[in-house]
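Please treat every number below as a calculation from the coordinates, not as lab data. These numbers were taken from a predicted model, which means no experiment stands behind them. Heads up, the Cβs are rebuilt from the backbone with ideal geometry, glycines too, and the neighbour counts pull from every protein chain shown.
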């Protein structure tokens, strides 16, 4: 049911066709399988969706909103999302962006009095069990952890979204907001309505060529809205 | 047909309230997932009943004291009460904190009859309860009838041997606590257990399946399942040594979790599940502590681990009289009563139920690793502030599969909208809501602090925002949006004025002015 639904959620006909192709292909490697993303974000991904097993890093101002927007696509299509080490994330904003709250868990990797070794082991446990793992900037992953995680990710097909450190090791796509402008607020009147952003994405492999997209993040109702070109 | 085992059930009403130590004579309610699960007599008089939503309960009774349910604490405080029964019989089983049961055959012969045992139970437990709540004792054939006898007891109800069917017959059908089944039965005109029990067993089995047959057996005063003479072989039990001896609950709980998983795997392989489990702990001084836990359904790995943790917590942190004299060196779990596992049907295509299943498994695993409070899931509360609309609750307190979480303005399956919150800011909501607001200063052109008058007027337009990490010029702003909340409650009364501030670094923040001080309460990151 999850698969049947998510094709309908994607507006772009080309992306929809690609999702159908995913399903009918005789053999799909993990790197060829994708998770749906919200339609305004489609131009940022060469495959038209989040490649399973990849690491997406978001950085700079607006990183939280961008991370939620990336996670919203798979979540709306039936995937679980885990947030590690970022308890301050705005739950109402997450819901408005399109993250399904019934499939969201927020994990504190180092609770007081815990005997756990490191946050990396928590992330490793989540990879494979949930499709999208959102890692907050407070979580430090050493290069050795990253290597182990990416091997596990390739096998299980989960996507890691990291807030902060676009240039860190193991990052497949680094995204940041390069221009942003709020609308709706005046000098003593109005209310925040929407933010027009331009996002660039660059990484390695298929994402080596820089890509950019402009959309509203958040839009008037919270969810990202594509801008007419 | 065999007669069920004669059983005594002792029931302490409203245990969740007693366990939390809330004042019993006032209007108090304990909630779980925003639903009232226990209400004190005072609250019941004002119309607060089980199953109400928190907001409805608070609307009916504004001075209601509300506590969150804490099952571990319920179990911990119940342990000393149970220990009082230890010299009547060693095989006291806990159904849930607040209710315990034991088989009467031995004690009745030793102490000289049902009434003598009931009096003894009253006497022993009254000391341990120390007047915190009253105690009801019911004795009947079979745990189901005995539990109902305890509910109707004042304070003791003894149903004579063989009298269970006629005792149960006039009871309303809803006592079966199977809402889907009883709904159908009521529509068929069967309002009493007696009329349901009168149906032929084969017809019930054909129409309602094995679950319906179980209910039918209960209604007829029999055991839910035909008794299984097999005693679980001892090699199904699992145990672990703890070295060095543990006297802190977190260390023992960690072992308990892996032990519960192991037991569950072993039983799974045999195709059985466990309805009653014995938890045994041995201390370094050779004391052996044993307690039985029963569950109406089959115990899942998570449920077993919870019960083990509660029980060990009860032993280690209980009263001085019952606490073991040394650290725990060994824990064992012995399946005491088993039934064939029915299993759970996954979705036909493996789809969402499989996804949920995997998520539930990792949640259970992380809870074992990090503690029950480290894994949390969102729940709708409603409120005017970003941190009040949705809150995080421990994942252990909710059913993860097939749940729905509403956001403000959503409608549920029946088209009922979440209640409106006048004064809540419109979307988009801030993407970052710090649990502790950051102190800030908002200054005007002349450098003096911006204030808001009692009538909601801004003293002068804000020009600079100063917080710990820097200071910025204000580009655009709006406000104040005043809120005056819980003015009827001197302790919780809050007056705030909220502002949206856009600074020259391009960031938008939500500020609030409270008692003359500015706070950054949220950020549109």
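Kindly put B:362, B:391, A:173 in sequence by how many other C-beta atoms sit within 10 Å of each C-beta, fewest to most. Write out the running numbers ahead of the final one.
On the way: B:362 21, B:391 15, A:173 25.
Listing B:362, B:391, A:173 from fewest to most nearby Cβ atoms yields B:391, B:362, A:173.
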### Query
Using the alpha-carbon atoms, what tilt in degrees (0 to 90, nearest 10) does helix B:301-316 show relative to the longest principal axis of chain B?
90
### Query
Where does each of A:191-199, B:192-200 land if you order them by average Cβ count within 10 Å, highest first?
A:191-199, B:192-200
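Can you give the FRET efficiency for residue B:62 and residue B:116, using 1/(1 + (r/R0)^6), R0 = 41 Å, r = Cβ-Cβ distance, to the nearest 0.05? Walk me through the numbers before you get to the answer.
Details: r = 48 Å, r/R0 = 1.17.
The calculated FRET efficiency here is 0.30.
Using the beta-carbon distance between residue B:203 and residue B:241 and R0 = 60 Å, what value does 1/(1 + (r/R0)^6) give for FRET efficiency, to the nearest 0.05?
0.65
Evaluate 2.2 N^0.38 Å with N set to the residue count of chain B, then give the Cα radius of gyration divided by it.
Details: Rg = 28.0 Å, N = 525, 2.2 N^0.38 = 23.8 Å.
The value comes to 1.18.
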### Per-residue mean of C-beta atoms belonging to partner chains within 10 Å, peptide A:50-62
1
### Task
Within 10 Å of each residue's Cβ, count the other Cβ atoms and sort A:86, B:141 from fewest upward.
A:86, B:141
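Taking the mean number of other Cβ atoms within 10 Å as a proxy for protection, how do you rank B:119-129, B:379-389 from highest to lowest? Display every interim value, and only then the final one.
Details: B:119-129: 16.3, B:379-389: 18.9.
Highest to lowest by the protection proxy: B:379-389, B:119-129.
Calculate, in nm to one decimal, what residue B:388 and residue B:357 gain on full extension: separation in residues at 0.36 nm each, minus their alpha carbon distance. Write out the running numbers ahead of the final one.
Values: separation 31, 0.36 × 31 = 11.16 nm, distance 2.93 nm.
Here the segment from residue B:388 to residue B:357 would lengthen by 8.2 nm.
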## Note on the structure
Counting every C-alpha pair in the protein assembly as shown, the percent lying more than 49 Å apart is 27
### Message
Could you give the length gained by full extension between residue B:487 and residue B:436, i.e. 0.36 nm per residue of separation minus their alpha carbon distance, to one decimal place?
### Response
16.1 nm
### Folded to 0 to 90 degrees: helix B:71-83 orientation relative to chain B principal axis, Cα
40
### Message
Rounded to the nearest 5, what % of DSSP beta bridges with both residues in chain A are antiparallel?
### Response
50
### Task
Would you calculate the separation in nanometres between label points at residue B:288 and residue A:21, each defined as 7 Å from the Cα along the Cα-to-beta-carbon direction?
6.9
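Given a Förster distance of 41 Å, report the FRET efficiency between residue B:505 and residue A:206 from their Cβ-Cβ distance, rounded to the nearest 0.05.
Working: r = 34 Å, r/R0 = 0.83.
For R0 = 41 Å, the calculated efficiency reads 0.75.
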#### Entry: Cα pair distances of the stretch B:6-165 binned at 5 Å [whole percent]
2, 10, 18, 19, 17, 13, 10, 7, 3, 1, 0
#### Entry: Per principal axis, descending, Cα span of the stretch B:358-397 in whole Å
35, 18, 14
### Summary
Here, residue B:35 and residue B:381, labelled 7 Å along Cα→Cβ, have an inter-label distance in nm of 2.0
#### Entry: Within 10 Å of each Cβ in B:374-381, the average number of Cβ atoms from other chains
6
### Message
Just to be sure I understand the model, the point goes 7 Å from the Cα along the line to the Cβ. What's the resulting residue B:225 to residue A:144 distance in nm?
### Response
4.8
### Task
Kindly put B:449, B:457 in sequence by how many other C-beta atoms sit within 10 Å of each C-beta, fewest to most.
B:457, B:449
### Query
Roughly how tilted is helix B:351-370, in degrees to the nearest 10 and between 0 and 90, from the longest Cα axis of chain B?
90
### Query
Most mobile of A:212, A:72, A:125 per a Gaussian network model of chain A (Cα springs, under 10 Å)?
A:125
### Message
Please report the spacing between the Cα centers of the stretch B:441-486 and the stretch A:151-229 in Å, no decimals.
### Response
30
### Summary
With 0.36 nm assigned to each residue of separation and the Cα-Cα distance removed, residue B:91 to residue B:46 gains 12.2 nm
### Task
Calculate the radius of gyration of the Cα atoms of chain A to one decimal place, then report Dmax, the largest Cα-Cα distance, as a whole number, both in Å.
17.2, 60
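Defining a contact as two alpha carbons under 8 Å apart and six or more residues distant in sequence, what relative contact order in percent does chain B show? Write down the numbers at each step before the final one.
Values: 967 pairs, mean separation 51.3, N = 525.
That works out to 10 percent.
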### Query
Do the sum for chain A: with -39,500 (n - 2.57) for every DSSP H run of n ≥ 4, divided by all residues, what is the mean residue ellipticity at 222 nm, to the nearest 500 deg cm²/dmol?
-8000 deg cm²/dmol
